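The values are calculated or read from the model by the stated rules, or taken from the named source; none is laboratory data. On a predicted model such as this, the values are computed, not experimentally measured, just so you know. Here the Cβ positions follow ideal geometry from the backbone for every residue, glycine too, while neighbour counts run over all protein chains shown. Quick note on the areas: whole protein, heavy atoms, side chains included, nothing else; ligands and nucleic acids left out. Shrake-Rupley method; radii C 1.70, N 1.55, O 1.52, S 1.80 Å.
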Amino acid sequence: MADTLTDTTDTTDIKEYAVQTAIPDQRKVARPRADALRNRERIVTAAREMFVENGPDVPLDDVARRAGVGNATVYRNFPDRDALVREVVCSVMDRTARAAELALAETGDAFEALERFVHASADERISALCPMVASTFDQHHPDLEAARGRVEHLVAEVMDRAKAAGQLRGDVGVGDLMIAAAQLSRPPAGTGCVSADRFVHRHLQLFLDGLRAPARSVLPGAAVTLEDLRRPCDQ
């Protein structure tokens with residue numbers, strides 16, 4: 001009986017030791033290193049700049065060179081081009097949403113939050129980046145839909161608050177804002193991006209001033225909704 005008790009105790013000790021030694025390994029895997037996070041951020045920043053300058057087909061080797069990392073680091077973080085484009089677009093939408101949230105928290109002024117969102121969108125070059133979504137990867141990817149939904153919800157909420165406060169004319173919708181901001185952020189045909197950049201915020205502010213209540217004219221047609229933007233062209 002003593003031999004049986006000893007064998008059971010030894011087995012228990014072995015199991016406990018195996019559990020104790022497994023825990024530290026799990027913790028190591030769960031936490032990325034700070035330098036790995038910095039490299040990822042540098043890659044996304046470099047990719048955003050180069051996508052705006054050259055479109056989504058820029059060689060990933062060039063992105064790695066501008067980010068100051070090796071090619072293997074790029075592919076370790078983003079296994080293919082679609083993953084990198086998606087990360088760039090999502091990060092840009094998240095930053096513009098935070099700009100509006102910050103303005104609303106700082107001032108409580110819904111129209112000022114709306115202005116900051118529009119100007120931040122131009123600075124982030126959303127009008128140049130978002131068309132890549134339709135041409136390069138799945139528009140319904142969960143990460144993209146989450147980022148897009150957050151922006152759309154926030155803009156709709158800010159516009160509703162601005163209308164309730166009597167700051168925003170009542171005959172405009174979220175779709176009106178999105179289309180106008182995107183069009184005004186793009187350089188006219190035949191002009192260079194750099195030369196047109198200095199006019200973007202001037203023209204956006206002219207547009208924003210036209211959104212203020214009371215309305216000075218009657219707009220043709222109906223307010224454009226997000227559903228209108230998603231509807232196929234032939235409907």
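A few comments on the model shown:
- If only residues of the stretch 60-82 that are without any contact (Cβ under 8 Å) to a residue 24 or more places away in the chain and more than 26 Å from residue 123 (Cβ to Cβ) are counted, the one that is most open to solvent (accessible area, probe 1.4 Å) is 76.
- Selection status of residue 51, under 15 Å from the mean Cα position of the chain (by Cα), aromatic (Phe, Trp, Tyr) and within 24 Å of residue 140 (Cβ to Cβ): yes
- The set of residues from the stretch 35-54 being polar (S, T, N, Q) and open to solvent by 80 Å² or more (accessible area, probe 1.4 Å) comprises just one member, 54.
- Residues of the stretch 138-156 that are assigned to a helix (DSSP H, G or I) and loosely packed, with under 15 Cβ neighbours inside 10 Å: 142, 143, 145, 146, 149, 153.
- Residue in the stretch 183-202 that is at pLDDT 90 or above, of a type in the set (A, V, I, L, M, F, W, C) and either within 22 Å of residue 92 (Cα to Cα) or part of a helix (DSSP H, G or I) (or both) present: no
- Residue ID - modelled with the highest pLDDT, chosen from residues in the stretch 93-137 that are more than 21 Å from residue 201 (Cα to Cα) and not in a helix (DSSP H, G or I): 108
- Condition check for residue 87: open to solvent by 10 Å² or more (accessible area, probe 1.4 Å) and within 20 Å of residue 147 (Cα to Cα): yes
- Exactly one residue out of 3, 25, 10, 57 is farther than 30 Å from residue 156 by Cα, open to solvent by 20 Å² or more (accessible area, probe 1.4 Å), modelled with pLDDT of 50 or more and not aliphatic (A, V, I, L, M), and it is 57.
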